[in-house]
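S.K.: Handing you this structure, nothing more for now.
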Amino acid sequence: MLGQPGTSVVGIAPRTRAISIPIFRETPDGRLQSSNQVELARAIEYVLLDQEKHGGHYLINISGGERSHDGEPLPLLKKALQKCHERGILIVAAAGN
């Protein structure tokens, strides 16, 4: 998807940086489990720091999460999401399952 100009893979977003921050952990029986809201908030904060350092446009893809009893995010996650909104960072999240 990212690609680089002058190569055989130009991509749809050339010259874009990609950061992979795994938010899954392996359970003792070998299955992958989505991390909790605190770990997700920390990963988003890392992206926010990277944007401060490098500038540019960012997009966050979230393919996991933790349900809450009241349907609301923890304050730490809510604050990280609000910062993304204020900076124009698009968040794309999987739904279902």
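The values are calculated or read from the model by the stated rules, or taken from the named source; none is laboratory data. Remember, predicted model here, so these are calculated numbers, not experimental data. As a convention, Cβ positions derive from the backbone with ideal geometry for all residues, glycine included, and neighbour counts pool all protein chains shown. Ligands, DNA and RNA are excluded from the accessible area calculation, which covers all protein heavy atoms including side chains. Shrake-Rupley method; radii C 1.70, N 1.55, O 1.52, S 1.80 Å.
S.K.: Quick one: would you say residue 17 is in a loop (DSSP other than H, G, I, E, B) and modelled with pLDDT under 80? Spell out how you get there, then give the answer.
M.R.: Working: in a loop (DSSP other than H, G, I, E, B): yes; modelled with pLDDT under 80: yes.
So residue 17 fits the description; yes.
S.K.: Continuing with the same structure: Please count how many residues of segment 28-46 are assigned to a loop (DSSP other than H, G, I, E, B) and open to solvent by 30 Å² or more (accessible area, probe 1.4 Å).
M.R.: Kept after step one, since they are assigned to a loop (DSSP other than H, G, I, E, B), are these residues of segment 28-46: 28-31, 35-36.
Now narrow it down to the ones that are open to solvent by 30 Å² or more (accessible area, probe 1.4 Å): 28-31, 36.
Selection size over segment 28-46: 5.
S.K.: Now for a separate question. For segment 84-97, give me each residue that is in a helix (DSSP H, G or I) and surrounded by 15 or more Cβ atoms within 10 Å (Cβ to Cβ). Show your work before the answer.
M.R.: Narrowing segment 84-97 to residues in a helix (DSSP H, G or I): 84-87.
Across segment 84-97, the qualifying residue is only 84.
S.K.: Is segment 54-66 home to any residue that is within 15 Å of residue 17 (Cβ to Cβ) and assigned to a helix (DSSP H, G or I)? I'd like the intermediate steps shown before the answer.
M.R.: If we filter segment 54-66 for residues that are within 15 Å of residue 17 (Cβ to Cβ), which is where we start, we get 54-61.
With assigned to a helix (DSSP H, G or I) added as a condition, the list becomes 54.
Yes, some residue in segment 54-66 is within 15 Å of residue 17 (Cβ to Cβ) and assigned to a helix (DSSP H, G or I).
S.K.: Follow-up question, since we're still on this one. For segment 1-10: of the residues being small (Gly, Ala, Ser) and modelled with pLDDT of 75 or more, which is nearest to residue 49 (Cα to Cα)? Before the answer, list the steps.
M.R.: Start the filter on segment 1-10 by keeping residues that are small (Gly, Ala, Ser), which leaves 3, 6, 8.
Now narrow it down to the ones that are modelled with pLDDT of 75 or more: 6, 8.
Values: 6: 30, 8: 31 Å.
Looking at the filtered set, the residue picked out is 6.
S.K.: Something else: For segment 52-63, does any single residue satisfy the condition of being exposed (fewer than 10 other Cβ atoms within 10 Å of the Cβ) and of a type in the set (A, V, I, L, M)?
M.R.: no
S.K.: If you check residue 76 against the conditions, is it part of a helix (DSSP H, G or I), open to solvent by 90 Å² or more (accessible area, probe 1.4 Å), free of Cβ contacts under 8 Å to residues at least 60 places away in the same chain and aliphatic (A, V, I, L, M)?
M.R.: Working: part of a helix (DSSP H, G or I): yes; open to solvent by 90 Å² or more (accessible area, probe 1.4 Å): no; free of Cβ contacts under 8 Å to residues at least 60 places away in the same chain: yes; aliphatic (A, V, I, L, M): yes.
Answer is no for this residue.
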